[in-house]
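Please treat every number below as a calculation from the coordinates, not as lab data. Just so it is clear, the structure is predicted and the values come from calculations on it, not from any experiment. In this analysis, Cβ positions are derived from the backbone assuming ideal geometry, glycine residues included, and neighbour counts consider all displayed protein chains.
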């Protein structure tokens, strides 16, 4: 599904952050990256999603066999890449429900589909909100406005479940969550997982991996701006052994 080959990327002031990353994520797999602040974890997720603050100077990003290195963020989203934001933006005046309706229908339009019928949309919203313990009044609130940290992260998972992407990149989704909220969010991610999609987790904490178990079969090499700053965990679905790269 996702193949990254010798990826180098820098920020606008010219500082190189990613230095020769090689990564493969297959359908049905879940992978996790752990590392300290400033290691480049969020840079990697942003580059995959196409954030314009970063410049790819070498290498390629292949998604389902297609080089997406030059694609705009919205084009990547329409192809099935989802990024949950570490710091979700507030959008006053746009409700959670209206936002997700617009996002979902724009993706359908880009893929040659008609808008989802209102009845079907409402049923899907109800189903996914119930899985995450989201109350009805939450859905009518302005997107992220006045939300607690936990509410923002739960809303990001709700968007992921509604959009049903092929690749979900979750950037520190567990930050700001108490243990009960963490379990609910993890349950949402686990219910999303299937043999046709994949998840990339970025986290500081081992506790998230207690609820969302990484699985994978491939090998990886990681190089960033700080030596030994990445901890990569990949566990095979067929073997009990784990592979670590530090």
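Remarks
- Among (1) 0.99; (2) 1.15; (3) 1.34, the entry derived from the coordinates for Cα Rg over 2.2 N^0.38 Å: (1)
- Estimated purely from DSSP H runs of n ≥ 4, each contributing -39500 (n - 2.57), the mean residue ellipticity at 222 nm for the chain is -9500 deg cm²/dmol once divided by its residues.
- q = 0.14, 0.22, 0.23 Å⁻¹: log10 I(q)/I(0) that the Debye formula gives for the stretch 97-194, counting C-alpha atoms only: -0.52, -1.25, -1.35
- Between 0 and 90°, nearest 10: helix 179-192 axis offset from the chain longest Cα axis: 90
- Entry for the stretch 21-127 at q = 0.17, 0.18, 0.20 Å⁻¹: log10 I(q)/I(0) = -1.04, -1.12, -1.26, Debye formula applied to identical alpha-carbon scatterers, no solvent contribution.
- Hull volume per residue, based on the alpha-carbon atoms of the stretch 115-160 and their convex hull, is 80 Å³.
- Of the peptides 203-211, 28-36, the ranking by mean beta-carbon count within 10 Å, highest at the top, reads 28-36, 203-211.
- Directionally averaged shadow of the stretch 1-70, computed from the convex hull of its alpha-carbon atoms, nm²: 4.6
- Residue separation of residue 130 and residue 90 scaled by 0.36 nm, minus their Cα-Cα distance, works out to 12.1 nm of gained length.
- Here the calculated FRET efficiency for residue 118 and residue 11, from their Cβ-Cβ distance with R0 = 30 Å, stands at 0.10, rounded to the nearest 0.05.
- 0 to 90° range, to nearest 10: angle between helix 149-163 axis and the chain longest Cα axis: 90
- Degrees separating the helix 118-131 axis from the principal Cα axis of the chain, which is the longest one: 60
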